[in-house]
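Worksheet for the structure shown next.
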Amino acid sequence: MPLDKRRRWITGKALTITGCAALLGGFALAGSPSPGLAATKAPAAHRAFHVLATAGCQLGNRIQHVVQITFDNVHFFRDNPNVPSDLEMMPNLLHFFENNGTFMSNNHTPLIAHTANDILTTLTGLYGDRHGMSAGNNAYRSYNPDGTTDPASAFAYWTDPIFDTAGTPNPGHDTNPSMVYSPTPPATTSPPPAPDTITPAPWAPYTRAGCDAGYVGTANVELENTAVDIPKVFGPSSPEAQQLAADTDPFKDAETADYVGVAVHCAQGSGFCADAQGVKFGQTSPSPTASPDLLPDEPGGYNGFQGLFGHRYVAPQLGAGTPNLMHGAYQVTNAAGNLVDLNGNQLNGAFLTNHPGFPGFSSINASQTLAYLADMQEAGVPITGGYISDVHGNEHIPALSGTGGPCHGAPAALGPGSPCYVAQAAYYNQAFGIFFQRLAADGITPQNTLFVLSSDEGDHVAGANVGRAIQPTPANCDGATVSGDTVTPDVPCTYPAGTFGEEQHHSVRHDGGRRLVTVHLRHREPGTEFGRGPDAGTRRRRAYRGEPVYGHDPAGHQLPG
């Protein structure tokens, strides 16, 4: 994804970045002289179905496609010295980048190390003090004129005002942009920049170049919640807002599945948006489903662009509605005409049964995200980016979680080498093997494609481990062995209950006129739920990895918690 309008293309290699892709001052690229892909255990290659980017898409330097993959924590180095690291456990991914590009293993995550800030830094090339979302724990508190504070979520669509999550927001609560932009570092700028401008959007350089850009689960470039985003993007009287109001489910699961987490931002005049139609809530006949893609503060102006927001509107443009659709040897839809993941499982909304839609942020796995990205590329969307949940949390993958399965009854947080961790890594490894072979069959290769791998947070295990007071058992456990692209389960590691997790302590300055706040974070196990507020339907999916215990302003006054 573009860093900004000044990005440059570095020819010759595909780049892998663990931590933050954007801080390197430029994009690296595909076009490796290496002739082939890393070997995989996926099905043998089939006749190529070449996919061409939209004719008007002009990227230069032979680049025709961009594929960016963002992990929620994936480790190059070993957490347990006896257990292969995350990437060693996914050799189809690791070897693809090692064989075709550059792997940068000594890159450091931006602080505070959390999902929203880190992904947004990767997307924009700006630290959180300049893109406006440096908040800890993916949440923060904004000050009101009377000196009180309201809670706010870091996950809000790019152009939203501050997403105030108080049950009853203060009448004077801050309505400046959530993604508030500072052209210079606020801490060294006097007077500080006015907090009234939206950070330049990462898709705009692509769409201006004539390229459609599609995203799955990636922070703030698609709708992130139902409470604010649906009326903001579709309009307060829109059919989508009417559907939201009519749903008695407090978590708004159906609307999350339909409209949150998936988006395609279209180039001007792109048929992907212009031709999209569907039957909307409360209607009986099809109507256009694209919405204006508004960026009111974009440098140089941004007019005449459209976007498709949500699985409900994007999926038909990828083939949904056509039963048993295949792209070459690869399944796109099932007998019901619904999109499937790389293993043929229907993509359903989280917490829903047989409701096609976005699977949710907290547990979207590699097979799901990569299927979306492949579908988009094959439908002529040349710029794609997707988020994948990590293998350190129990992602409740159905194939692994049934009775007797390695993840059945497994805890929310997984220690390296534990049976569920090993099984999920193998599941991801298979998905990457299929994905890279499928793209190669489409003619999407390192010779014409920029592949970027980045990871947010980059946390390390804080808990039972080798050399610590409490250690996994048995002492020689290794979880699995890796030979080439083959991962074989070996001696499983067992971690005592309650001794595995993550802990961080950071200081956060949230700029844009909001005061300096020190927030102490205590990480909890991935996937655990806490708190219910106006955004709870999205909060439980996002699977925050911690919660602020308490905070103080510079004068030492404890903030409301």
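Being on the phi < 0 side of the Ramachandran plot, crowded, with 24+ Cβ neighbours inside 10 Å and touching an Asp or Glu at 6+ places or on another chain (Cβ under 7 Å) is the requirement here; does Ser142 meet it? Don't jump to the end; show me each part of the working.
Values: on the phi < 0 side of the Ramachandran plot: yes; crowded, with 24+ Cβ neighbours inside 10 Å: yes; touching an Asp or Glu at 6+ places or on another chain (Cβ under 7 Å): yes.
Yes.
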Exercise for the section: Taking only segment 136-152 into account, find how many residues are outside any loop (DSSP other than H, G, I, E, B) and out of contact with any helix residue (DSSP H, G or I) (no Cβ under 7 Å at 6 or more places or on another chain). Expected result: 11
Practice task
Please list, ordered by first then second residue, the pairs with beta carbon atoms under 7 Å, 6 or more apart or interchain, first in segment 470-490 and within 14 Å of Pro81 (Cα to Cα), second modelled with pLDDT of 90 or more and in a strand (DSSP E or B).
Solution key: Pro472/Thr494; Thr473/Thr494; Ala480/Val487; Ala480/Thr488; Ala480/Pro489; Thr481/Thr488
Handout entry: Unique match (being closer than 22 Å to Phe305 by Cβ and touching a helix residue (DSSP H, G or I) at 6+ places or on another chain (Cβ under 7 Å)) among Ala267, Ala209
Key = Ala267
Exercise for the section: For segment 275-294, state whether one or more residues are closer than 18 Å to Gln377 by Cα and among the hydrophobic types (A, V, I, L, M, F, W, C). Expected result: yes
Fill in the blank from the handout: Note on segment 480-499: residues closer than 18 Å to Asn429 by Cα and in contact with a Ser or Thr (Cβ under 7 Å, 6 or more places away or on another chain) are Ala480, Thr481, Asp485, Thr488, Asp490
Handout entry: Selection from segment 147-193 of residues that are in contact with a His (Cβ under 6 Å, 6 or more places away or on another chain) and free of Cβ contacts under 8 Å to residues at least 24 places away in the same chain
Key = Asp164
Practice task
Being in a loop (DSSP other than H, G, I, E, B), of a type in the set (A, V, I, L, M, F, W, C) and within 12 Å of the chain's Cα centre (by Cα) is the filter here, so list the residues in segment 359-393 that pass it.
Solution key: Phe361, Ile364
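Just checking, which of Glu240, Glu255 is touching a residue at least 24 places away in the same chain (Cβ under 8 Å), under 26 Å from Tyr372 (Cα atoms), within 23 Å of the chain's Cα centre (by Cα) and buried (at least 24 other Cβ atoms within 10 Å of the Cβ)?
Result: Glu255 is the single residue among Glu240, Glu255 that is touching a residue at least 24 places away in the same chain (Cβ under 8 Å), under 26 Å from Tyr372 (Cα atoms), within 23 Å of the chain's Cα centre (by Cα) and buried (at least 24 other Cβ atoms within 10 Å of the Cβ).
Return the residues of segment 66-108 that are aliphatic (A, V, I, L, M), part of a loop (DSSP other than H, G, I, E, B) and under 22 Å from the mean Cα position of the chain (by Cα); say none if nothing qualifies.
So the first thing to find is which residues in segment 66-108 are aliphatic (A, V, I, L, M), and the list is 66-67, 69, 74, 83, 87, 89-90, 93-94, 104.
From what is left, the residues that are part of a loop (DSSP other than H, G, I, E, B) are 74, 83, 87, 89-90.
Within segment 66-108, Val74, Leu87, Met89, Met90 meet the criteria.
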Exercise for the section: Could you tell me which of the residues Ile162, Ile198 is closer than 23 Å to Thr384 by Cα and either touching a Phe, Trp or Tyr at 6+ places or on another chain (Cβ under 7 Å) or surrounded by 22 or more Cβ atoms within 10 Å (Cβ to Cβ) (or both)? Expected result: Ile198
Problem - Failed condition for Leu453, given (1) modelled with pLDDT of 90 or more; (2) buried (at least 16 other Cβ atoms within 10 Å of the Cβ); (3) in contact with a strand residue (DSSP E or B) (Cβ under 9 Å, 6 or more places away or on another chain); (4) farther than 27 Å from Asp118 by Cα - result: (4)
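Pick from segment 180-213 the residues that are assigned to a helix (DSSP H, G or I) and at pLDDT 95 or above: which of them is nearest to Gly271 (Cα to Cα)? Walk me through how you get there before you give the answer.
Residues of segment 180-213 that are assigned to a helix (DSSP H, G or I), as a first pass: 186-188, 204-208.
Of the ones still in play, those that are also at pLDDT 95 or above are 204-208.
Details: Ala204: 18, Pro205: 19, Tyr206: 16, Thr207: 13, Arg208: 15 Å.
Checked segment 180-213; the qualifying residue nearest to Gly271 (Cα to Cα) is Thr207.
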Exercise for the section: Within segment 273-332, track down each residue that is hydrophobic (A, V, I, L, M, F, W, C), within 18 Å of Thr256 (Cα to Cα) and surrounded by fewer than 20 Cβ atoms within 10 Å (Cβ to Cβ). Expected result: Val279, Phe281
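The values are calculated or read from the model by the stated rules, or taken from the named source; none is laboratory data. Just so it is clear, the model here is predicted, and its values are computed rather than measured. Virtual Cβ from ideal backbone geometry, glycine too; neighbours counted across all protein chains shown.
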